[in-house]
Structure formats: structure tokens, C-alpha cells
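Chemist: This structure is in C-alpha cells; I'll ask about it shortly.
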Amino acid sequence: MTDLDTFRSETRAWLETNCPPEMREPVQSEKDMCWGGRNWTFQSDAQRVWLERMVERGWTVPHWPRDYGGAGLSPAEAKVLKEEMARIGARSPLSSFGISMLGPALLKFGSDEQKKRFLPEIARGEIRWCQGYSEPGAGSDLAGLQTKAEAVSGEEGGDHWLVNGQKVWTSYADKADWIFCLVRTSSESKHSGISFLLFDMTTPGVSTKPILLISGNSPFCETFFDDVRVPKDQVVGEVNRGWDVAKYLLGHEREMIAGMGLGATDGTLGSILRPDDPFLRAEVAAFDVDALAFAAMSERFFEMFKAGEAHPASPSMMKYAGTELNKRRHELVMAAGGSDALEWDSERSSEGKAARDWLRTKANSIEGGTSEIQLNIVAKHILGLPGA
Amino acid sequence: MPLLTDDQKMLQETAESFLAEEGGPAKQLRHWRDTGCTDGYGTDLWKQFGELGLTGICIPEDQGGLGLGAVEAALVLEEIGRNLTSSPFLTTAVVGARAIEGTAHAERWYPGILSGDAVLALAVDESSRHAPEKTAMTAERRGNGFVLNGAKQFVVHGNSADAVLTVARTAGSPGETQGLTLFAVPKGIANVESVTLADSSKAARLRFDNAELDADAVVGEVDGGWAPLSRALGAGRAGVAAELVGVAAGATAMTVDYLKQRKQFGKLIGEFQALQHRAAHLYGEIEIARAAALKAAELMDSGDDKADLMVAVAKAKAAAVSKLAVQEGVQMHGGIGMTDEHDIGLYMKREAVLGELFGDVYFHRNRVAELSGY
């Protein structure tokens, strides 16, 4: 038996004993996901217990170093854990932008002090983070941001940043405890005058306002900063070099969005929908070919990424392909559901799940950089096409 | 899926340089086409495949081969696709070698395959659509042997093959997978009509009119031909998928190169966003198709239950992506892409043939649906 086999059997046994049965049921709605944070209310004892047990093992961030709340697993071990969780249908114990986006950026760019301070909190789900990138009017031109942070010497001792401006499309800003935020610290150059700043959402001068979406839900907010005072040492990386941090983080965000909604089920879409119309069946089969091929690519990309063999721009390709595929998936779900799928509000509709999910996917190819932006990046950085 | 091992990378590099040098279209495809070669490929090149050990890629080590698997075959086939190499590698070293593996025919044919002397072909299709279980051709027992009646078409390299692996019905009726038998039919048994396909490769239409065959021509078991046939078709479909990925990648590399050189309206056409986005889309699709082809090969090698499903996915995906790549390739080249002088059109023709071989995109989508139970 290899070490990996031993690890697998131990992992399997541990999950069998420790993953509550309720946490092996498929996620039905956002309520079933645990986001953690200061104001989090657990939906059930099982949800709380599951998080606590996984935190204790460092398995909310299995591949992070032990010092920062992880379990220090090798890529192969982390993969085994993922497979064993999938085998019993175990839910993710924690959904967190801290884990998927900020954490990797802090691991690469953060100071020792910042890592020690923030990473264990992220691993334990104690602080819920939101991302302050987009601004009104900037859109896909992410570096066109206006929110300003001025260095001010404090009269009561201690220097700080004074932040003024507005963000938009801040996912869950109204529920988040802290924000990681791009701010302009110099106007001399578009890209090299940006800094990456962390601050508490309860700081005076921060306010949020939800934006209602076509899906009838409101995960996004407008976020306003009015003379927000932020301690000097909460810049990640160098002042004016935040664009490097931002780009690195965007790669992780795109990777995350690329995988959203896909691979969530065991079987093919056709085996779930069982289309009896021959034309729909043909379209679903064509989709399943593309989805299974994409799943093979995701797996390969993950391995290449871990081995440092992936092109740095390849998350753009993954994000583009994955999100376009997810939109197609939901179009087919709607088609197969017929008029049932259109029920927004009825006793049978479970809060219009099919329709709301379908509408939500339309944002996939916009958020985290539009499909068009991703294609620009591939054209320029991978294919080396001129003037792109 | 694990990344390529160092040995696999080395094999890939060997195949890459050998085929870019010796197997490229100018030296092989165009040459044999323009000289009216009846085989459609050069026997010297096939011998070189043998010298490099590539012909024995799927042959077990104890029988003189490299004892490698579908992943390694895929690496070679992608390079064959990229260079439009004219070679019986797929039909002989992959499909043929797999079909006869573990049977009495292995001893008979492996030495010739290893040295690059023997060529094998597979005869399945009886109509213009691929449908193996619908095989109607009959093989009746007579005396110590069989009498064959029926016809086969789209038998790639069937005109020059030393043996054609031919599936015929010894029992049951069309539509059933039971009652089929695979025969290794030596030269001179069938009536052979040589066919030149759109990509200048050679194939055959075979007619069997009371053709007599010895009993030892049976590959495996009488009435149990579905097993070796499935093995051969699995290897063939996974192999064609990899070759199609190479065709797509080769055509797209040529096209992207052209976008960086060709000027119109005072600009390089590669500066136009309409073309950039199409090229970037293609890039992603090729990466996805390559991952699917490698995954299918890997699952075959490990004997995974999902191998059949993934092979169908790989063939369908690679064919669709390759078709897109050659169409975009010719379109983006504009007028020059329509000329015989330019190679991009050769990619279009090769894709059409490979896309059809061992089941087209619709066949494999349907298979994905059936294997998924819908």
C-alpha cells in the first residue's frame, strides 16, 4: 500500500465518521451553503459541526501550510480529499472569497505579519470577505478605477490612508466583515498607481446598498467610501504595485467561476433530464460531449497549474469556456423543464429555482471579466496576436 | 489526470522532430499524391517508423514491442495529425495490433508490424454510415473453413494491406452484437476496388463473392468477434481523436501565423478583434479536445469503466473542434487558402476523412447518450 492509499483509506474513514448525514445532501439553495463570518447564523447544528470538524483538521484549506490554518497536504493528497468528499456527496464546509481569492494572493504577496493575522481567520471562517474591484463607469476597464486613497499623517498618532470613492458589483458587501479593495494611490500611471488595500467594513464611512438582479436575488451591492480611515500597514504588496496582486487574484477568481455549476453532478445532463424529444436529446448529447471534454480539461489544468506548467493566461480560457458552457446547460434545463421551469412563484416551484438559476448564469460571462475580455487576454498573451 | 511522464515527453519529442522532418506534407502527402502512388504512403517512411520502434508501440514487450498504451499512441498520432503524415500507423500499429492482441494472429503478424513490412486494415462499414452492430456480411462454415459473402467500404489502407481484419456474421441477425466473428483476411481473397479519398489517402471497397477462407483466419472466438472488434474500434476511435487534435492544432498554428503576417487596410489582420476572438476561441477548444483525447486514452489504459464513454466524448469533440479549426483556417487565409498550392486546404480534407472514420460526430453523440442511459 502506498502512502497515498493509506491517506485515502484514513480520509475515507474519517469522513464516514465525521461528515453529518445532512451535509451529504445536495445543495438546494444558497441557504445551504455556509459562508461564515462574524454575523453568520448556522442553518443547522450539522452545518456548524461540519465546519468545526473540518477547521480542526485544516481541511477547509487543505493545501495551505499548517501555520496558517491549513493541513499542508500535497496536491495529490488534496485531490484525494476532494475525490473522497465527492464520493459521499459531502458539501463544502465553507464557501469563502477569503479561501478562493484573497488567501492565494496573501500567500504570495502578503507580509509575514499579514499572513499570520489574516490567513488563520480565513481558514476558520471567522471573517467573511468581499472584493472591491469594479467601479461605476470602469466596467471591463478594471484599471480605470477612481476610488482614491491618500496618505495622511494622523494627528492622534499613526499614519493612515484616507479612502474616498465608490465600488459596484461588490458581491455580498452587505454581509461581509472585511473588504479587499483596489484603490488609486497615484494618478501618474494607469496601472502602476493602484494599491491593494484591506479594511474592516464597519469602519466609519463605509456603506452598502444591494442591487436587485434579474434573477430576483441580490448578491451584489454598491459600496460607498466616505473619508474611510485605513491603517497604513493594511496594504498588501508594495504601494502602487497593487495591479500585480489584483491580476494574480483574478486568475484564481476566474478559475473559481469557470468551475461554477459544472461538475456538480455525477452523471451527464442527459441522464438527469432524460429528454424524450429527439431534437432536444441531440442537443443535450452535444452539450454532454462538450461538458465532459471540459471536465477533462479542468482536471488537466488543475494538474498543470499545480506543477507550474500552466500558461499564466490559461484561467482566462477556462473561465470563458466554462461560463459559456454553464449558460448553455441552464438553457437546456429550462427547455427540458418546459412550462414547469417558468414558475417563479408557486407551491411547486421551490422559489422559482430553475428560472432563477438560469438567470443567474447569465452573469457568469460578465462577472470576473467578460468573455470578450478573456478572449482578448488569450489572443494577446497566449497567441501573441498583434495590437491586442 | 496525471501529467505526462518524462518518458512520455521524450516519446513526444521524438515523434515531433521525426514527423516534422520526414513525415511532413511536402515530403510525403504531396509527393505520393503527385506521383500517383498506389499505396498512398512511402514504404521507406513506414520502415523508419519500425526502426524507431514506433510500429511496436502497442505490442507487448515480451513480443518485441514497446508495450506502451493508448496515451503513447495518442502522442504519436497527434504529431501525425499535425504534419498530415501519410502512414498506416493507425490502422496497423494501433488498431490492427490491438485487435489481434492475445490471439494466434499476434505471433503471425507482430514481426512484420515491428519491422515495418506488414500493413493491416480494418473492414467494418457496409454502408456510408458507421454501424458495426448492423453487420450483415455472412461467413458460413464449410468444411474446415468459411465462405464469405458481402461487401465492405471505407477500408482505410485496405488496398495495400497484407491482411484485412474483417467482421462478418456467423450467427444472429443485423443489429445484434452476438454472432459476429472477426477474420484476418489475407491478400487475394476479396475483390478489391481501390479508392482515393478526398485527402488523397487510399482506401478500398471490398467484395466477397463466395470467398473461401481457412478456419485459422478467425481472430479470437467464432461468434465472439465483438470483443476484439470493440478493442480495435476503441483504440481506433481514441487514436483518431488524437490525430484530429493534431490536425486542428496544425491548421490553427498555420492560421495564427498567417494572422501575424498578412496585411490588409494597412494593418496586420491579426489586429482585428473579430479575428482575434475567433482565434482565441479556437485555442481553447483545441486544449479541451486534447484533454478529452488524453483522458480517453488514459481511461482505456487503466481499464476504467468510463473508458467507452470518454472515447465517444473524445471522438465527437475532436471531430467538431477540428472541423471548426479547418473551416476557420481556410476562411481566415482568404483566397490563398482555396489554392492547392497552400497546405491549409489539405488540413480541411484530412479532417473530413478522419471525422468520418470509425463513427462521425453524430454517431458518437448518440453513443454518449446511450452510454448515459438516455
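Chemist: Please specify each residue of region A:311-361 satisfying the condition of being farther than 30 Å from B:Ala291 by Cα and of a type in the set (Val, Ile, Thr).
Modeler: The answer is none; no residue qualifies.
Chemist: Which of the residues belonging to region A:362-384 are within 7 Å of chain B (Cβ to nearest Cβ) and over 25 Å from A:Arg329 (Cα atoms)?
Modeler: Within region A:362-384, A:Ala379, A:Ile382, A:Leu383 meet the criteria.
Chemist: Here is a further query. Tell me which of these B:Asp305 doesn't satisfy, since it passes every other one: (1) surrounded by fewer than 24 Cβ atoms within 10 Å (Cβ to Cβ); (2) in contact with a Gly (Cβ under 8 Å, 6 or more places away or on another chain).
Modeler: (2)
Chemist: Going residue by residue through region B:306-315, is there one that turns out to be of a type outside the set (A, V, I, L, M, F, W, C), under 17 Å from B:Met254 (Cβ atoms) and either under 15 Å from the mean Cα position of the chain (by Cα) or not in a helix (DSSP H, G or I) (or both)?
Modeler: no
Chemist: With A:Arg254, A:Arg229, A:Arg241, A:Arg300 as the choices, which residue is among the basic types (Lys, Arg) and without any contact (Cβ under 8 Å) to a residue 40 or more places away in the chain?
Modeler: On inspection, the qualifying residue turns out to be A:Arg300.
Chemist: While we're here: Could you check, for region B:277-296, whether at least one of its residues is away from chain A (no Cβ under 11 Å), in a helix (DSSP H, G or I) and surrounded by fewer than 22 Cβ atoms within 10 Å (Cβ to Cβ)?
Modeler: No, region B:277-296 contains no residue that is away from chain A (no Cβ under 11 Å), in a helix (DSSP H, G or I) and surrounded by fewer than 22 Cβ atoms within 10 Å (Cβ to Cβ).
Chemist: Give, as residue ranges, the strands (runs of 3 or more DSSP E) completely inside region B:85-182 that count at least 3 residues that are crowded, with 17+ Cβ neighbours inside 10 Å and at pLDDT 95 or above.
Modeler: Per the criteria, B:120-123, B:145-156, B:163-169.
Chemist: Under 9 Å between Cβ atoms, which residue pairs at least 6 apart in sequence (or on different chains) link something in region A:187-215 that is farther than 17 Å from A:Trp161 by Cβ with a partner that is among the small types (Gly, Ala, Ser) and not in a loop (DSSP other than H, G, I, E, B)?
Modeler: Pairs that qualify, where the first residue is farther than 17 Å from A:Trp161 by Cβ and the partner is among the small types (Gly, Ala, Ser) and not in a loop (DSSP other than H, G, I, E, B), are A:Lys190/A:Ala143; A:Lys190/A:Gly144; A:His191/A:Ala143; A:Ser215/A:Ala355.
Chemist: Quickly run through region A:356-388 and pick out the residues that are under 30 Å from A:Asn217 (Cα atoms), free of Cβ contacts under 8 Å to residues at least 60 places away in the same chain and open to solvent by less than 20 Å² (accessible area, probe 1.4 Å).
Modeler: Within region A:356-388, A:Ser365, A:Ser371, A:Leu375 meet the criteria.
Chemist: For residues in region A:277-297 being free of Cβ contacts under 8 Å to residues at least 24 places away in the same chain and facing another protein chain (nearest Cβ under 9 Å), which is surrounded by the most Cβ atoms within 10 Å (Cβ to Cβ)?
Modeler: Selected residue: A:Ala293.
Chemist: Considering only residues that are under 15 Å from A:Arg24 (Cβ atoms), outside any helix (DSSP H, G or I) and of a type in the set (Gly, Ala, Ser), which ones fall in region A:70-103?
Modeler: Scanning region A:70-103 gives A:Gly89, A:Ala90, A:Ser92.
Chemist: Take the residues in region A:115-149 that are assigned to a helix (DSSP H, G or I) and farther than 30 Å from A:Ala71 by Cα, then tell me which one is farthest from the chain's Cα centre (by Cα).
Modeler: Looking at the filtered set, the residue picked out is A:Gly144.
Chemist: Criterion first (open to solvent by 10 Å² or more (accessible area, probe 1.4 Å) and at the interface with another protein chain (Cβ under 9 Å from one of its Cβ atoms)) does B:Val256 satisfy it?
Modeler: It is true that B:Val256 is open to solvent by 10 Å² or more (accessible area, probe 1.4 Å) and at the interface with another protein chain (Cβ under 9 Å from one of its Cβ atoms).
Chemist: Just to be sure, is A:Gly387 at the interface with chain B (Cβ under 9 Å from one of its Cβ atoms) and not in a helix (DSSP H, G or I)?
Modeler: For A:Gly387, the condition - at the interface with chain B (Cβ under 9 Å from one of its Cβ atoms) and not in a helix (DSSP H, G or I) - is met.
The values are calculated or read from the model by the stated rules, or taken from the named source; none is laboratory data. Computed from a prediction, not measured in an experiment: that's the story for all the values here. For neighbour counting, all protein chains shown are included, and Cβ atoms are generated from backbone atoms with ideal geometry for every residue, glycine included. Please note that ligands, DNA and RNA were not included when accessible areas were found on the heavy atoms of the full protein model with its side chains. Shrake-Rupley method; radii C 1.70, N 1.55, O 1.52, S 1.80 Å.
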